[in-house]
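Computed from the coordinates by the stated procedures, all read-outs in this text should not be read as laboratory data. All values derive from a computational prediction rather than experimental measurement.
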């Protein structure tokens, strides 16, 4: 398997920069493999991984590591909710009607977020930030169950249509005070897209790049086959794959309730917040994985489908030809998955125990 698509990622990496490991030999006698460069580094509060295959792998390794790190670090600097200096923080602090100048990248993410919000009827909504913070899933990390009256009072502050995007002026503006955005459901996937663009610019033709469970691929792996990406088995300790999906030129992202959560009164409250109710999503659904051309779109759509739930989300994805896999919890901790026809065509295999 080339990588495990995991939401709870390797956050304990000690390295200060990226590392590279080059391997040009086969794993078994008689098995001819192409050169492979494996790269890794810290970013976005997690770890990014990239693999380059083919004759250019060794020569591009150093530049590739620098390019991937720069792409991801740039997204953090612009769109982090934890940095007061970020463009997102400046937008969130601005008063209604005041245009805030932002970079092309930040405009792209807000435009993509709006596209997915409109398509899903607001199931994905970047302005869910007030509710995220109320539950303690924002920068404060003060986890709690907020009173119903408090959540009701947030309704007027959560509305994706309250943000105006001016591409010509390069600005964002909110139509009412109290509106704030949280891009955690899309920025990581978008960062992976930027990292892929950087690898394309270097001339890399065969690679896999992943950050915090969002992945994008191009070409073939060291064995000359599509990249094998594992979807994590929800709740498994230690981590293990549930499905293995072959990808070539496609991206995949997963949303799940086992990433970040807390328990209170015997109930699990996850960071997956429904913008309509301002509450964590409830139900049997454990995770949704979406395969698409772009990782940012897959990231946001996976969140939207998770918010919709197993039944409505699956029906929505089938109707629109979206490649999605829904993993649900059953009795006794058993797991079952439902794949849309578009996902089933990818030829995913059950991971070996």
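When the convex hull of its Cα atoms is viewed from all sides, region 194-320 shows a mean projected area of 9.3 nm². Distance from the C-alpha centroid of region 254-281 to that of region 142-196: 18 Å, rounded to the whole angstrom.
If the Kirkwood radius is taken over C-alpha pairs of the chain, then at 10 °C and 1.306 mPa s the Stokes-Einstein diffusion coefficient equals 77 µm²/s.
The reciprocal of the average 1/r between distinct C-alpha atoms defines the Kirkwood hydrodynamic radius, which for region 233-299 equals 13.7 Å.
The shape of region 278-339 can be summarised by an equivalent ellipsoid whose semi-axes, obtained from the alpha carbon gyration tensor, come to 20, 13, 10 Å from longest to shortest.
Scattering from region 87-174 was approximated by placing one identical point on each alpha carbon and applying the Debye formula without solvent; log10 I(q)/I(0) at 0.11, 0.14 1/Å stands at -0.34, -0.54. Between 0 and 90 degrees, rounded to the nearest ten: what's the tilt of helix 310-319 against the longest Cα principal axis of the chain? In the chain, helix 310-319 runs at an angle near 70 degrees to the longest axis.
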